[in-house]
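Presented below is the structure to which this report refers.
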Amino acid sequence: MKRLVMLGTLLVLALGCVACEDEWDYSEVLYENATVVAMAHTPKGHGVEGSSIKPSTHVKLDARWAVTLECAHGGYVINGGSAEKLFREVSMDDAVCVNYRLKYYRPCDGRNCDWSAVAVDFIRATPGVCS
């Protein structure tokens, strides 16, 4: 009986109990032409929190920039650190070249071994058409 239990355990381990982990990977760098469709800038200053009748708090705001691009796959908003440089280099309707990678995920669920593209990893956008 003991040998039968051991044999059954070994058989189960050999046929399907393989330890694995979820995996992440990136595509090579991809390039796509896009057009600037919106731009926004909020200068550094003070804002007011509360109602317009009775302001209650002054809030210190840092300057912010954002650039919205339209490409063949849809729109993309760039904000944060890289947005200021791009904001100063482009105007509405300008062409830009977007560099990005696709982020792929393969779950470890024992059934699905296919990679799925789940996110776009933005690298940079530069003025002009991709070459």
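The values are calculated or read from the model by the stated rules, or taken from the named source; none is laboratory data. What you see is a predicted model, and the numbers here were worked out from it, not measured in a lab. Here the Cβ positions follow ideal geometry from the backbone for every residue, glycine too, while neighbour counts run over all protein chains shown.
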I'm checking my understanding of the structure. Among residues of segment 22-79 that are at pLDDT below 85 and among the hydroxyl-bearing types (Ser, Thr, Tyr), which one is farthest from residue 108 (Cα to Cα)? 52
Of everything in segment 75-131, what is over 21 Å from the mean Cα position of the chain (by Cα) and among the polar types (S, T, N, Q)? Give them in sequence order. 91, 112, 131
Could you please find all residues in segment 81-109 being part of a loop (DSSP other than H, G, I, E, B) and small (Gly, Ala, Ser)? 91
When residues of segment 87-122 are limited to those that are modelled with pLDDT of 90 or more and in contact with a Leu (Cβ under 9 Å, 6 or more places away or on another chain), the one surrounded by the most Cβ atoms within 10 Å (Cβ to Cβ): 96
Only residues in segment 110-128 that are assigned to a strand (DSSP E or B) count as the first member; pair them with residues that are of a type in the set (D, E, K, R) and modelled with pLDDT of 70 or more, Cβ under 7 angstrom, at least 6 apart or cross-chain, and list the lot. 118/103; 119/103; 121/101; 121/103; 123/101; 127/89; 127/94
